[in-house]
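Read the structure below first, then the notes.
Computed from the coordinates by the stated procedures, all read-outs in this text should not be read as laboratory data. The structure displayed is predicted, hence computed values, not measured ones. Note: ideal-geometry Cβ built from the backbone for every residue, glycine included; neighbour counts use all protein chains shown.
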Amino acid sequence: MHPALSIVFFTTASGAGFALLLLLGLAVPLGLLPESSGFGFLALATAFVLTAAGLVSSAFHLGHPERAWRAFSQWRSSWLSREGVMSVVTLVPAAIFAIGWIFFGVTDGVIGLFGVLAAICAAVTIACTGMIYASLKPIHQWHNRWVVPNYFTLGLMAGFLLLDLLIRFWTVRPVWTPLLALLTVLAAWWTKEAYWRFIDTTSAPSTVAGATALGSRGRVRMLESPHTQDNYLLQEMGFRIARKHKTRLRLIARIAGFVLPALLSLIALLGSGMTAAIAAALAVLSAALGLVVERWLFFAEAKHTVTLYYGADAV
Amino acid sequence: MTDLPPSYPGQKKLGLVIDLDICVGCHACATACKEWNTGGHMAPLPDFNAYGDDAWGVWFNRIHSFEEGDGDGARTVHFPKSCLHCDEPACVTVCPTGASYKRAEDGIVLVNESLCIGCKLCSWACPYGAREFDADAGVMKKCTLCIDRIYNANLAPEERQPACVMVCPTKARFFGDLGDPNSAVSELVATRGGADLMPELGYRPVNKYLPPRRGRMRAEDRAPAPLTALVAEAQRESDAAHPLLRWVDRLLSR
């Protein structure tokens, strides 16, 4: 599948933003984070900017961005529509929670409930993003049980790393944020490795024989393409450049996305003051690079059944 | 709504039956499709750089060619592919705007261009590659089963069928109601063992493909040994020769 940069950016940024909102909505009402309205402004603004930037970026790949509002209508059948609806629905309790926290300094009671509600909505939104891909049967690398857990753990990892950075402007030595950041990095790493193992060791049920209803005489292979030049199907669904660089890119995703953030979170956990803050900042930057590479691979490694009609034996 | 219309027994399911035994791969159906539809319901079907390098255009019908088997029993199969107007079209249900829909009255899958936001998700959801993006209009386009021909009262009754079916010089394409078990197309599918493409994905395509007939391998079908020897000899002799001489040599060796 063609890795459109707008979608790579959208899924990583909005995933991190919704996960950060999820963490704030749960942890702040429980009194686990600084209650100062300054921290509330910084943390919620970060979450809001990330989700909004992601959603705006996703609109850029549309043929008709001005009609994007129509995408809210088909939530009964479409995961993309559900994601659109949920991302807007999430903003309502999130806005009430933000106003209560930032302007009135209230984080418990009814405002706290809105925080929890925003957290639940954010979790559902992340699941919807994953389901957009997991619901597509023609793409074996997406239509599997690892995709939604991947979106969840990778989002949570980004959210915790961000939280652990932001909290350092208010707390000299936070304990549970770097610890949980470290744990979610390890959890995300594990689900990503499980996903890679799954797509490496399994293949789609579809073959070129099944795609053409041929094969009774023996092996089926393409003799001639329908056309001499590229077409939409090959550009969108037949993306292949990444595969020869797959191993190297996976290594980059592993090191930048998981190994370095885990080590840096460990430094942030054990260290204090400036050292720990720099470690937390570097962890965020490294994870951002790793996640973009990981998400790019998620598209580039996905093989669509339409390629069976253009010379692929299996997908 | 992109919900699918409720299904019931005996429902009308208009579609195509394509005979892979007969198709000669002449691309006439693809050309006729392009010609009709670039002025039809989903018009235009744009071409970019049509006469230069990197020509790029929207087609609803494309003719692939495959080889099946090896050695004497092998066969070349030409394989026209267009929208299969599935019973379970995920291209419709994934549509976030309601632009994609399946008609309750005849099962034809269409796109309402004025609702389409061009998110391309439907083309990802189609396993068969039936949908193509019009980069000029920014909307998705697809085969309409020539809805503007089959119900067109301005056409003579015998012309009320898809352009691809009308034009086929070998009569390898058939149009009809595959929901009616007694229709000519349904009987054809039953007698010839018409098959679904990628049935494992559960899209339940309406269009069916008739497999090439088994046929017996007759002695005269085999490449005669003297000819094979001649070709080998000619190649040996002309390896160093001028391409033109090599061609003349081969021509004279016949």
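List of remarks:
- Peptides B:13-23, B:101-111 ranked from most to least packed give B:13-23, B:101-111, packing being the mean of other C-beta atoms within 10 angstrom over each peptide's residues.
- Cα-derived Rg to Rh of region A:220-286, Kirkwood definition: 1.39
- Kirkwood analysis of the Cα pair distances in region B:1-109 returns a hydrodynamic radius of 16.8 Å.
- Over chain A, relative contact order from alpha-carbon pairs under 8 Å, at least 6 apart, %: 24 percent
- Cα-only Debye scattering, region B:108-183: base-10 log of I(q)/I(0) at q = 0.15, 0.18 Å⁻¹: -0.70, -0.91
- Assuming charge only on the beta carbon of Lys and Arg (+1) and of Asp and Glu (-1), the dipole of region B:1-105 about its Cα centre is about 540 debye to the nearest 20.
- Environment charge of B:D54, counting only residues whose C-beta is closer than 12 Å and scoring Lys/Arg +1, Asp/Glu -1: -3
- Cα gyration tensor, region A:189-241 - rounded (a/c under 1.5), prolate or oblate: oblate
- Virtual spin-label span in nm between A:F169 and B:D53, 7 Å along Cα→Cβ: 5.2 nm
- Inter-chain Cβ neighbour count for A:76-84, averaged per residue, equals 6 (cutoff 10 Å, partner chain atoms only).
- C-alpha center-to-center spacing [region A:76-104, region A:214-257] in angstrom: 38 Å
- Dipole magnitude (debye, nearest 20) for the protein assembly as shown, charges at Cβ of Lys, Arg, Asp, Glu: 820 debye
- For chain A, the alpha-carbon radius of gyration amounts to 1.10 times the rule-of-thumb value 2.2 N^0.38 Å expected for a compact globular protein.
- In nm, spacing of pseudo-spin labels at A:H245 and B:L244 (7 Å Cα→C-beta vector): 4.8 nm
- Over chain B, Cα pairs under 8 Å with separation of 6+ residues give a relative contact order of 25 percent.
- Anchor A:K246: lysines whose Cα lies under 16 Å away (excluding residues fewer than 8 positions away in-chain): A:K192, A:K303
- Spin-label model, A:L186/A:E66: points 7 Å from Cα along the beta carbon direction are separated by 5.4 nm.
- Charged neighbours of A:V259, selected by a Cβ distance under 14 Å, balance to +1 (K, R count +1; D, E count -1).
- Rg and Dmax of region A:4-70, Cα atoms only, in Å: 14.6, 45
- Compared with the direct C-alpha span, the chain from A:M274 to A:F41 gains 81.7 nm at full extension, assuming 0.36 nm per residue.
- Furthest towards positive pole of dipole, A:C121, A:S216, A:F169, structure part region A:104-230, Cβ charges: A:S216
- Spread over its residues, the convex hull of the C-alpha atoms of region B:51-122 is 181 Å³ per residue.
- Over region A:58-147, relative contact order from alpha-carbon pairs under 8 Å, at least 6 apart, %: 24 percent
- Alpha-carbon radius of gyration plus Dmax, which is the widest Cα pair, for region A:125-241 in Å: 21.3, 73
- Gyration tensor (alpha-carbon) shape descriptor, the protein assembly as shown, a/c threshold 1.5: prolate
- Sorted from greatest to least, the principal axis extents spanned by the alpha carbons of chain B come out as 69, 46, 39 Å.
- Region A:145-187: C-alpha gyration tensor shape, a/c 1.5 cut-off, then a/b vs b/c: prolate
- Environment charge of B:A130, counting only residues whose C-beta is closer than 11 Å and scoring Lys/Arg +1, Asp/Glu -1: +4
- The distance separating the Cα centre of region A:115-173 from that of region A:5-39 comes to 10 Å.
- Averaged over the residues of B:146-156, the number of partner chain Cβ atoms lying within 10 Å of the residue Cβ comes to 0.
- Dipole-positive endmost among B:G39, B:A74, B:L20 within region B:9-113 (Cβ charges, Cα centre): B:G39
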